[in-house]
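Undergrad: Attaching a single structure in structure tokens format; questions to follow.
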Amino acid sequence: MEIKSFKLKNFRQFKNINIEFSQDADKPFTIITGGNTYGKTTLVKSFLWCLFGIKNFDDKILLNKEVIDLMKCGDEEEVKAVLELDHNQFSYRITTKELYVKLPSNEVRIQGKAKIELLKIGNGGNAIPITDDILVNDEIDNILSRDLSSYFFYDGETNSIEQITKKANLTSAVSEIMGLKMTETLTDYFNPLKPDNVIKRFQSKLEIKDPIESQSLQDSLEQKQFERENKLDLVKTINSTINDLEIQLTEKERQLDENKNILQDQEEKKDITNKMNKLIDDKNSTFDSLMSLINNNKLLDSLFAYSFLQSDLQDFLKHADFTTEKSVSHITEEAIDELIQRGYCLCGTKIETHNDAYNHLLDQKNYIEPRNYGKHVDSFVNNELINISYCSTQMDILSTTAGDVLDCISKLDDYQERLDKIRKRIEGKKDIGEVQVEIKNLEQQKSFKEGELHYINSSTIPLLDSEIEKLNDKIRKLSSATEKNNFIYKCIKYSERIYKIAERKITKEKENIRSKLEETVGSIFDEMYTGNRKIIINDKFQVSTTLADSSKLDTSKGLETVMNFSFVAGLMKLIKEKINSNSDDDVFEQDKTDDNYPLVMDAPFSNTDEKHISNICLNLPKYCNQIVIVVMDKDYNMASDKIFSKIGKKYAIKKQSETFACIEEEF
């Protein structure tokens, strides 16, 4: 398939454009440049609309907005795309139209689905118009099947080059591209485990002894075969789910890899936050201890004892003139007056005016409270001397505790300063911690699906296979030993033999393709990638890379771009070499494939550095005869010097307004 020209009329922002593509094998590049929102992605998507009627747009109204504004109620306008191409010695003109009408509400409505028409032109110039939908779809499918289109047309939005080796239908696509599809279809037709197979049809022709039992067995057989088909469909669904999870995992791991610095900052932020929370708890606990020391009166006792020592209050009594041995406590003047009035002492001594007892009591009034404080001072001194014994220890504890609180506050200030700097660095950045959680959840989902898949493949399907085989044996045993049946049995055996040969062939050819593809892609990858990595392709044709000295996978999106370009180029190289039709012992003739597929890509280099862009552009023409790149100027400029001699056509998208753009050729 080689595209010659492409025209668009009223298709979104493109009112009227006509692009002719380079068909020079020495100059395979057609470059179309344009800025953001200029319509680059729209242009690539329009190819798929023209070929298959696919609308990969949120807004399903394709008619140009300016055209809509000029329409009056009842007016009709059409959107049209015309693609001209060559394929297998025929030229084709594919025209897709969609009609719109303006409603009284001032809105536009699509008048029916898009109509695709095809003109097939032979070498002699004979043109065959094809308008029937089924025939048109069959003809386009022969040129490029819808399932394969995503491997050659990349809009960069719904389908990017980074996704190619993660597609769920990759195995089927490679089989079709490499010419194994017909053999696989034939194998399915002879597969005795399939609901509709050749062996079942032969068995229905057998002359049966007990038709009723035979019918019952046939019904059971059909039921088991359909159960098996349902399980196989479930396997495809699970594989697709696993594939989607792997794509999501790759993207999340890439985010993780590209934001290692942010991850370190976020981990440090988390660590500092945890330390600060613990430090705040320690500070609060220590402060509570400090307040407890202050509030239990021991602080005042300790402070007073400390002042007692500093002021030498222990010598106070030595200098007090009221200090005497006659001082007594706990006796008041009122008590002495009461004794004198009563006339005798507690001991029985008679108290009379001016006798010795009377005079002694009057003299004692000078040595009792409140006239004499000697006992109080003496008691105070003795008490403070006791307090002094633990004063030093209490003050040390108090000082240490207060110091611990201040240390906590100082550390909190330091942590807060570091935290503020980290927050400033990661402000507005994605939370990589959340990405790690998402990765863990995706891995758990993937593990669960893989377990489910393993159970179906290792238990459920083998059990159904065994039951189907037993039912087939029972059906055969019911048949009569007639000449007709003997002939049918021979046909069945031939069918079984064909199935086994075809199955072995497919297995052998797929491994051959896988091995050749791995070798070829690896060689091309070495030319495109500046590093020391190795390409690995598994039995599902999924591609990955490993470091040369370890099994650590690289999740760089730039690396994936180079890897997937290598895969596409390797696939095209093998198509040209026809590795699927060079065996002399082939039982079945292989599918015939066109040597050429174009690559049409929007912004394929947005995740790749200048060096790798140059390497890709230099090597792609070795394997691809036609390369159409819709790209921003800055990405084109990175490789323009290297590929200038390989450019056959160059265009620029000129944006006139938000709803109108044109394309001009540049020479």
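Undergrad: Within the stretch 656-665, track down each residue that is surrounded by 11 or more Cβ atoms within 10 Å (Cβ to Cβ) and closer than 23 Å to Phe29 by Cβ.
TA: Correct list: Ala661, Cys662, Ile663, Glu665.
Undergrad: Right, here's the next one. For the stretch 637-651, what are the residues that are hydrophobic (A, V, I, L, M, F, W, C) and crowded, with 18+ Cβ neighbours inside 10 Å?
TA: Answer for the stretch 637-651, where residues must be hydrophobic (A, V, I, L, M, F, W, C) and crowded, with 18+ Cβ neighbours inside 10 Å: Met638, Ala639, Ile643, Ile647.
Undergrad: Do we find that Leu217 is under 25 Å from Ile468 (Cβ atoms), in contact (Cβ under 8 Å) with a residue 60 or more places away in the chain, not in a helix (DSSP H, G or I) and not acidic (Asp, Glu) in this structure?
TA: no
Undergrad: Take the residues of the stretch 410-450 that are β-branched (Val, Ile, Thr) and in contact with a Leu (Cβ under 9 Å, 6 or more places away or on another chain): which is farthest from Asn274 (Cα to Cα)?
TA: If we take residues in the stretch 410-450 being β-branched (Val, Ile, Thr) and in contact with a Leu (Cβ under 9 Å, 6 or more places away or on another chain), then Ile439 is farthest from Asn274 (Cα to Cα).
Undergrad: Any chance you could count how many residues in the stretch 46-96 are farther than 14 Å from Asn10 by Cα, of a type in the set (A, V, I, L, M) and under 38 Å from the mean Cα position of the chain (by Cα)?
TA: 4
Undergrad: Scan the stretch 410-424 for residues that are touching a residue at least 24 places away in the same chain (Cβ under 8 Å) and exposed (fewer than 13 other Cβ atoms within 10 Å of the Cβ) and report the count.
TA: Counting residues in the stretch 410-424 that are touching a residue at least 24 places away in the same chain (Cβ under 8 Å) and exposed (fewer than 13 other Cβ atoms within 10 Å of the Cβ) gives 2.
Undergrad: Hey, among the residues in the stretch 52-79 that are part of a loop (DSSP other than H, G, I, E, B) and basic (Lys, Arg), which one's surrounded by the most Cβ atoms within 10 Å (Cβ to Cβ)?
TA: Here the residue is Lys55.
Undergrad: I'd like the full set of residues that are touching a helix residue (DSSP H, G or I) at 6+ places or on another chain (Cβ under 7 Å) and either modelled with pLDDT under 75 or outside any helix (DSSP H, G or I) (or both), limited to the stretch 375-415.
TA: Within the stretch 375-415, Val377, Asp378, Val381, Glu384, Leu385, Asn387, Ile388, Cys391, Gln394, Met395 qualify.
Undergrad: Okay, moving on. With (1) modelled with pLDDT under 90; (2) not assigned by TED's automatic domain parsing to the domain that holds Asp539 as the list, and Val174 as the residue in question, which single condition is left unmet?
TA: Answer for Val174: the failing condition is (2).
Undergrad: Within the group Asp58, Asp26, which residue is over 18 Å from Leu99 (Cβ atoms), without any contact (Cβ under 8 Å) to a residue 12 or more places away in the chain and out of contact with any Phe, Trp or Tyr (no Cβ under 8 Å at 6 or more places or on another chain)?
TA: That would be Asp58, the only listed residue that is over 18 Å from Leu99 (Cβ atoms), without any contact (Cβ under 8 Å) to a residue 12 or more places away in the chain and out of contact with any Phe, Trp or Tyr (no Cβ under 8 Å at 6 or more places or on another chain).
Undergrad: Being free of Cβ contacts under 8 Å to residues at least 40 places away in the same chain and not aromatic (Phe, Trp, Tyr) is true for just one of Leu170, Leu144, Leu119, Leu180. Which residue is that?
TA: Residue meeting the stated conditions: Leu119.
Undergrad: Also: Would you pick out the residues in the stretch 1-51 that are out of contact with any Pro (no Cβ under 9 Å at 6 or more places or on another chain), closer than 21 Å to Arg146 by Cβ and not in a strand (DSSP E or B)?
TA: Correct list: Thr41, Thr42, Leu43, Val44, Lys45, Ser46, Phe47, Leu48, Trp49, Cys50, Leu51.
Undergrad: I'd like to verify a number: residues in the stretch 98-130 that are over 30 Å from Asn625 (Cβ atoms), under 41 Å from the mean Cα position of the chain (by Cα) and assigned to a strand (DSSP E or B), how many?
TA: Going through the stretch 98-130 one residue at a time, the tally reaches 7.
Undergrad: Does at least one position in the stretch 571-583 carry a residue that is under 17 Å from His612 (Cβ atoms), modelled with pLDDT of 60 or more and surrounded by 20 or more Cβ atoms within 10 Å (Cβ to Cβ)?
TA: Scanning the stretch 571-583, I find no residue that is under 17 Å from His612 (Cβ atoms), modelled with pLDDT of 60 or more and surrounded by 20 or more Cβ atoms within 10 Å (Cβ to Cβ), so the answer is no.
Undergrad: Separate question: What pairs come out if I take residues in the stretch 642-667 that are without any contact (Cβ under 8 Å) to a residue 12 or more places away in the chain and farther than 15 Å from Asn16 by Cα and pair them with residues that are of a type in the set (Phe, Trp, Tyr) and exposed (fewer than 14 other Cβ atoms within 10 Å of the Cβ) whose C-beta lies under 9 Å away, six or more apart or interchain?
TA: Qualifying pairs under 9 Å: none.
Undergrad: I would also like to ask the following. So, restricting to helices (runs of 4 or more DSSP H) that lie completely within the stretch 428-536, which ones have at least 1 residues that are closer than 26 Å to Thr250 by Cα and touching a helix residue (DSSP H, G or I) at 6+ places or on another chain (Cβ under 8 Å)?
TA: Output list reads 432-455, 483-528.
The values are calculated or read from the model by the stated rules, or taken from the named source; none is laboratory data. Not measured: the values here are computed from a predicted model. Neighbour counts are summed over all protein chains in view; Cβ atoms, including those assigned to glycine, are modelled from backbone coordinates with ideal geometry.
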